[in-house]
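Step one of this worksheet: look at the structure below.
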Amino acid sequence: MLLGKIIESKAKFASKEMALRLARSLPKRGRRRLNDGTVQFASVKEIAVGDVLLAFAGERIVLDGVVIEGEGSSDESVLTGESTPIGKKAGAKVLSGSIVKNGNIAYRVTAPADRSALQNIIAIVEEGLGFKTPYVRAADVIVRWFVPVIVCMAFFAGLLAWCGGATREES
């Protein structure tokens, strides 16, 4: 039982660590194109839905959006597990956390940071860490009593065999 709890604890720790690494991998700021055509860096908190962001080759997509200008390909393996870069052109969706492999794109933000695809994945992982099915909860209760009862039964069976064995030797 203890070994099972240790394994479960290590698995939960690894999952939580992975979720934190994903969250830390997101850029804290992005290039925002203003209405007059100038570009300035803005923190993720300052970027609103509808803003136009720019991403160049080798950079991470800051927030989910839709490509409005340019072409390129992006590596979305962090989110989808797909190992080959996916081509992006006007109208294609881009996901936060993916990396632009080649080309330059301008995209319109469609979701704030707290509702991005990557943030949703992180939330699901964190929710899954604390969730136990009714079967697992019932098994935990049973195991809590099962192991001590079996140990006591084994002890008494051994004691009975030892005492019974001692009386047979005397006769």
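The values are calculated or read from the model by the stated rules, or taken from the named source; none is laboratory data. Not measured: the values here are computed from a predicted model. Glycine gets a Cβ as well: all are built from the backbone with ideal geometry, and neighbour counts include every protein chain shown. For accessibility, only protein heavy atoms count, side chains too; no ligands or nucleic acids. Shrake-Rupley method; radii C 1.70, N 1.55, O 1.52, S 1.80 Å.
The table below gives the values:
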| quantity | calculated |
| --- | --- |
| Amide hydrogen neighbours beyond the local backbone of Glu59, cut-off 5 Å, H modeled | Val100 |
| Share of carbon and sulfur in the accessible heavy-atom surface of the chain [1.4 Å probe, %] | 63 percent |
| Percentage, to the nearest whole number, of Cα pairs in the range 1-148 over 23 Å apart | 46 percent |
| Under 30 Å from the Cα of Lys45 - lysines, other chains or at least 8 residues apart | Lys12, Lys16, Lys28, Lys88, Lys89, Lys93, Lys101 |
| Size of electric dipole in the chain: Cβ of Lys, Arg +1 and of Asp, Glu -1, about Cα centre, debye, nearest 20 | 340 debye |
| Relative packing of peptides 101-109, 5-13 - highest average C-beta neighbours within 10 Å first | 101-109, 5-13 |
| From phi via Karplus (6.51, -1.76, 1.60), per-residue ³J(HN,Hα) for the range 55-60 in Hz, x at Gly/Pro | 9, 10, 3, x, 9, 8 |
| Under 5 Å, built H, 5+ apart or other chain: amide partners of Glu71 | Asn104 |
| Unit charges on C-beta of K, R, D, E only; dipole of the range 41-120, Debye | 60 debye |
| Listed residue (Val52, Ile121, Ala106) projecting farthest to the positive dipole end of the range 1-135, Cβ model | Ile121 |
| The chain - accessible surface per residue (Å², probe 1.4 Å) | 66 Å² |
